[in-house]
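Heads up: the structure comes next, in structure tokens.
The values are calculated or read from the model by the stated rules, or taken from the named source; none is laboratory data. Everything quoted here is computed from the prediction, not taken from an experiment. Cβ coordinates were reconstructed from backbone atoms using ideal geometry, including for glycine residues, and neighbour counts include every protein chain displayed. Just the protein is used for accessible areas: all its heavy atoms, side chains included, with ligands, DNA and RNA removed. Shrake-Rupley method; radii C 1.70, N 1.55, O 1.52, S 1.80 Å.
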Amino acid sequence: MIDLHCHLLPRIDDGAQSLDEALALARAAVANGIRQAVLTPHVHPSRYANTRVTLTPHFKAFQMVLRDENIPLEIHLGGEVRLELECLTLLGQDNLPTLGGWQGSRVMLLEFPPSQIPVGAMKAVEFFLARGVVPMIAHPERNKDVIRNWRAIEPFVKAGCLLQLTAASVCGMFGDQALTTSQQLLEAGWVTVLATDAHNLEHRPPVLAEGRQAIEERYGEPAAALLTQVNPGLIVGAR
């Protein structure tokens, strides 16, 4: 399986807080059946001043440690981009990390604030799309506006955005509301990728296999494979 959203890179954001913790997460991911992962540190200028340029040396150093430790996890550098005005500037500077590609465009993991879909979000999405960048909206099932009305995300899907669900959500680990919203989005056929959003072993572990199993039980094996192997493989393969 391929995990397109995780916070393994150490000492960069609210994910792994040490190298040992990052290595433990990587080993847990491999044990869970994950063979490739796109590391997606927060790119959140008002909180985490990460950019593609600043993240690259940290990524390369971690990549070397994984090889030295013989951990069979192939990693790529991405980012989870919080929708802030400064990120539009970073895009113009070619300094936003992306996940890979989709139908000839680059794919960027885009995060809305958890409490809402912000005013102006569609204009920002149109800005990215016009520049050949397709936003993949991170964990919409955990956004309060989407929980209140799951169709609130529909205009973004119709505009061309992709959606990424959290594996723990479809297992019920984020509560009944996130589970129900996940199922509504899946049944609408709007979901492109299932990913872990792993941060730590205690509360946010990599549980992609459990998420895949939950989808397989409810929607069948082809749907589970599409969200954890086929679509992630297409995106990573287009890097």
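Total residues in region 69-123 satisfying the condition of being within 30 Å of ARG35 (Cβ to Cβ), among the acidic types (Asp, Glu) and in contact with a strand residue (DSSP E or B) (Cβ under 8 Å, 6 or more places away or on another chain): the figure is 3. Of LEU163, LEU129, LEU179, all but one fail to be under 21 Å from VAL38 (Cβ atoms), of a type in the set (A, V, I, L, M, F, W, C) and open to solvent by 30 Å² or more (accessible area, probe 1.4 Å); the exception is LEU129. Of the residues in region 78-93, at least one is in a loop (DSSP other than H, G, I, E, B), at pLDDT below 95 and crowded, with 20+ Cβ neighbours inside 10 Å.
Scan region 51-67 and give yes if some residue there is of a type outside the set (Phe, Trp, Tyr), under 24 Å from VAL133 (Cβ atoms) and part of a loop (DSSP other than H, G, I, E, B), otherwise no. Yes, there is a match, as at least one residue in region 51-67 is of a type outside the set (Phe, Trp, Tyr), under 24 Å from VAL133 (Cβ atoms) and part of a loop (DSSP other than H, G, I, E, B).
The residues listed here are THR98, THR40; of these, the one that is surrounded by 13 or more Cβ atoms within 10 Å (Cβ to Cβ), under 14 Å from the mean Cα position of the chain (by Cα), touching a residue at least 12 places away in the same chain (Cβ under 8 Å) and closer than 16 Å to VAL133 by Cα is THR98.
Among the residues making up region 101-126, those that are open to solvent by 60 Å² or more (accessible area, probe 1.4 Å) and either assigned to a helix (DSSP H, G or I) or farther than 28 Å from ILE147 by Cβ (or both) are GLN103, GLY104, ARG106, LYS123, GLU126. Could you tell me which residue of region 43-77 is surrounded by the fewest Cβ atoms within 10 Å (Cβ to Cβ), considering only residues that are at pLDDT below 95 and touching an Asp or Glu at 6+ places or on another chain (Cβ under 8 Å)? Of everything passing the filter in region 43-77, SER46 is surrounded by the fewest Cβ atoms within 10 Å (Cβ to Cβ). Only one of the listed residues (GLN229, GLN213) is more than 25 Å from SER115 (Cα to Cα), assigned to a helix (DSSP H, G or I) and touching a strand residue (DSSP E or B) at 6+ places or on another chain (Cβ under 8 Å). That residue is GLN229. Residue pairs whose Cβ atoms lie under 6 Å apart, sitting 6 or more positions apart in sequence or on different chains, and linking a residue in region 216-239 that is free of Cβ contacts under 8 Å to residues at least 12 places away in the same chain to a partner that is part of a helix (DSSP H, G or I) and open to solvent by less than 80 Å² (accessible area, probe 1.4 Å), are GLU216/ALA224. Hey, can you tell me all the residues within region 127-154 that are of a type outside the set (Val, Ile, Thr) and not in a helix (DSSP H, G or I)? ARG131, GLY132, PRO135, MET136, ALA138, HIS139, ASN143, ASN149, listed by residue number.
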